[in-house]
Amino acid sequence: MAKKLSTDLLLLGVTVALLGFGLVMVWSASSASPRSATGARILLLKQVAWGALGLAGMVAALRLDYRTLRRPAVVYCLLVVSTLLLVAVLFLRPVNETHRWIRFGGLELPAAELAKLAIVVYLAFHVERRAERMNELATLFPALLLLAGSGS
């Protein structure tokens, strides 16, 4: 039977501490600005919401069996979804005169963030599959092509 991995409490504690410190800094910086106190509270609440979402994502990632990411269906699905989002963002309304953001109601998500995760998962998948032929051009070319196309 496979050994059940436990949650890294030190990593979780440091993350929560850094999140709390960041929230204090956001509050400190926004309350000193010429914005109204209401604007500072709204900004803080947005940061709290994103922080909670990030912590939930971290807990979900800690619970995820990493062997799931070895399956080609998962890797290629992640690549296709991120590519479709990157193409779709070109046809959406620009935010601050750029086509980088996807809006879901009041939430704004940069499409490139999912693409960054997809690149990491794909490269790990690719390198693991071809580890014995890593110095061959046929092995390196797809990875280099992907990295060259993702430069920003």
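Laboratory data are not the source of any read-out in this text; all were calculated from the coordinates shown. Source: prediction; values computed, not measured. Neighbour counts are summed over all protein chains in view; Cβ atoms, including those assigned to glycine, are modelled from backbone coordinates with ideal geometry.
Around W101, with a cut-off of 10 angstrom between Cβ atoms, what is the net charge of the other residues, counting Lys and Arg +1 and Asp and Glu -1?
+2
Beta carbons within 10 angstrom, averaged per residue: use that to sort the peptides 131-142, 110-121, highest first.
Descending packing order for the listed peptides: 110-121, 131-142.
For the chain, find the longest principal axis of its Cα atoms and tell me its angle to the long axis of helix 137-150, 0 to 90°, nearest 10.
Approximately 20 degrees, to the nearest 10.
How much mean residue ellipticity at 222 nm does the chain get from its helices, if each DSSP H run of length 4 or more adds -39500 (n - 2.57) and you divide by all residues, to the nearest 500 deg cm²/dmol?
When only DSSP H runs of four or more count, the value is -22500 deg cm²/dmol.
Using Cα-Cα distances under 8 Å and only pairs 6 or more residues apart, what relative contact order does the stretch 65-152 have, in percent?
After rounding, I find 24 percent.
Spin-label point model (7 Å from Cα, Cβ direction): what's the L137 to V74 distance in nm?
Going by the 7 Å Cα→Cβ label model, 3.4 nm.
How big is the dipole moment of the stretch 65-152 about its Cα centre under a simple scheme where the beta carbon of each Lys and Arg is +1, that of each Asp and Glu is -1, and everything else is neutral? Debye, nearest 20, please.
Once rounded to the nearest 20, the dipole reads 160 debye.
Is the stretch 65-152 best put as rounded, prolate or oblate by its Cα gyration tensor, with a ≥ b ≥ c the root eigenvalues, rounded for a/c under 1.5, and otherwise prolate when a/b is larger than b/c, oblate when not?
Prolate.
What does the C-alpha gyration tensor say about the overall shape of the stretch 10-98? Classify as rounded when a/c is under 1.5, otherwise prolate if a/b is larger than b/c, or oblate.
Oblate, since a/c reaches 1.5 and b/c is not below a/b.
Mind checking the angle between helix 37-63 and the chain's longest principal axis? C-alpha axes, 0 to 90 degrees, to the nearest 10.
On a 0 to 90 degree scale, this one is about 30.
Just to confirm a number: summing +1 for Lys and Arg and -1 for Asp and Glu over residues other than L146 whose beta-carbon lies under 15 angstrom from that of L146, what do you get?
+3
Over the chain, calculate the relative contact order: mean separation of alpha carbon pairs under 8 Å at least 6 apart, over the residue count, as a percent.
Relative contact order of the chain: 14 percent.
In whole angstrom, how far apart do the alpha carbon centroids of the stretch 11-77 and the stretch 116-137 sit?
About 29 Å separates the Cα centre of the stretch 11-77 from the one of the stretch 116-137.
Given (1) 175; (2) 107; (3) 124, which label gives volume of the Cα convex hull per residue in Å³ as computed from the coordinates?
(1)
What is the angle, in °, between the Cα long axis of helix 72-88 and the longest principal axis of the Cα atoms in the chain? Nearest 10 is fine, range 0 to 90.
Long axis of 72-88 versus the principal axis of the chain: about 50 degrees.
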